[in-house]
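> Just passing along the structure, written as structure tokens.
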Amino acid sequence: MTQRIALVTGGTGGIGSAICEALADAGMKVIAGYSNEEKAIAWQQDQKAAGKDFLIQHVDVTSLESCEQAVAEAKEKAGGAIDVLVNNAGITRDGVFKKMSWDQWHAVINTNLDSAFNMTRPVFEDMLNSGFGRVINISSVNGEKGQFGQSNYSAAKAGLHGFTKALAQEGARKGVTVNTISPGYILTPMVAKIDQAIQDKITAGIPVGRMGAPSEIGRAVAFLAADEAGYITGSNLSINGGQHMF
Ligand code: NDP
């Protein structure tokens, strides 16, 4: 069987790195998307030192033009079409709604939701034509339940569920699955920097009594990305230690 090619946006970030590693461990050729070049080159070198070889690709997920160019370049580098796309890049710009600016709103919608259009549009037709594809959208528990101070982020992440369910129907007969993963608190380097007292308060609200590890998201992505996962489409996998159930 030919080696599957995966493109992970935000691939050099906290959760993105773990997703790249899990897909590589599953035997895929992995391209990590990045926006910060200096960070990406250092990340690639660290990975190489640890014996892991990843391709890297610049992309600004807020721009359709940049995504089209990135997909064309990634295909060239990897030597084939993208079989697995993980829409993982995301940002937060928190604030209570009465003080939220249009820029705060728009930046988050653009990076977390418009990005799903911008990245998926250039790969989807290849997937339909090849008869195989996996699109995995990284949402959030806050897109399921809403979160104080995150009306922008919650709206964007909730939007990914509608996108997933609609697109899943368009890909279903062609071997292309589309799913969402909704992580709760994941202990990335960024979250680890939060004051310990606040971390303890957060952890106290999580039934399993700890935050998740990035590798636990990576493992779920690899599960959904596998050839054997062809009957799972239009679904949402909540990975939040029991923090939110419905
Ligand atoms: P990080 O900040 O570590 O990673 C975010 C990634 O997004 C970075 O690699 C960054 O790339 C990339 N990115 C941001 N803006 C752009 C852009 N315009 N174009 C391209 N890439 C961009 O965060 P996490 O790893 O924690 O988050 C990954 C995903 O998981 C996000 O979608 C987040 O919302 C979601 N999530 C995270 C949770 C957590 O607890 N950590 C919980 C629930 C969901 P670069 O560094 O190169 O700029």
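> Answer yes or no: is there a residue in the stretch 73-83 that is within 16 Å of the ligand (Cβ to nearest atom) and free of Cβ contacts under 8 Å to residues at least 60 places away in the same chain.
Yes, some residue in the stretch 73-83 is within 16 Å of the ligand (Cβ to nearest atom) and free of Cβ contacts under 8 Å to residues at least 60 places away in the same chain.
> Test each condition in (1) touching a residue at least 24 places away in the same chain (Cβ under 8 Å); (2) within 20 Å of Met28 (Cα to Cα); (3) part of a helix (DSSP H, G or I) for Glu228 and report the one that comes out false.
Every listed condition holds for Glu228 apart from (1).
> Kindly state which helices (runs of 4 or more DSSP H) lie completely within the stretch 30-134 and contain at least 1 residues that are aromatic (Phe, Trp, Tyr).
Filter on the stretch 30-134 gives 37-49, 102-109, 115-130.
Listed here are the residues, each with its yes/no results for (1) within 13 Å of the ligand (Cβ to nearest atom); (2) in contact with a strand residue (DSSP E or B) (Cβ under 9 Å, 6 or more places away or on another chain).
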{"residue": "Ile5", "(1), (2)": "no, yes"}
{"residue": "Leu23", "(1), (2)": "no, yes"}
{"residue": "Val30", "(1), (2)": "no, yes"}
{"residue": "Glu38", "(1), (2)": "yes, no"}
{"residue": "Trp43", "(1), (2)": "yes, yes"}
{"residue": "Leu55", "(1), (2)": "no, yes"}
{"residue": "Val61", "(1), (2)": "yes, yes"}
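> So which residues in the stretch 159-193 are surrounded by 18 or more Cβ atoms within 10 Å (Cβ to Cβ) and within 16 Å of Thr92 (Cα to Cα), if there are any at all?
Gly159, Leu160, Ser182, Pro183, Gly184, Tyr185, Ile186, Thr188
> For the stretch 1-16, give me each residue that is surrounded by 21 or more Cβ atoms within 10 Å (Cβ to Cβ) and closer than 19 Å to Ser115 by Cα.
Within the stretch 1-16, Ala6, Leu7, Val8, Thr9, Gly10, Gly11, Thr12, Gly13, Ile15, Gly16 qualify.
> In the list Asp83, Asp103, which residue meets the criterion of being of a type in the set (Asp, Glu) and buried (at least 23 other Cβ atoms within 10 Å of the Cβ)?
Asp83
> Here is a follow-up. For the structure I just gave you, tell me whether Asn118 is in contact with a helix residue (DSSP H, G or I) (Cβ under 6 Å, 6 or more places away or on another chain) and on the phi < 0 side of the Ramachandran plot.
Taking the combined requirement at face value, the residue satisfies it.
Throughout, read-outs are computed from the coordinates displayed, never taken from laboratory work. Just so it is clear, the structure is predicted and the values come from calculations on it, not from any experiment. Methodologically, a virtual Cβ is constructed for each residue, glycine included, from the backbone with ideal geometry; neighbour enumeration extends over all protein chains shown.
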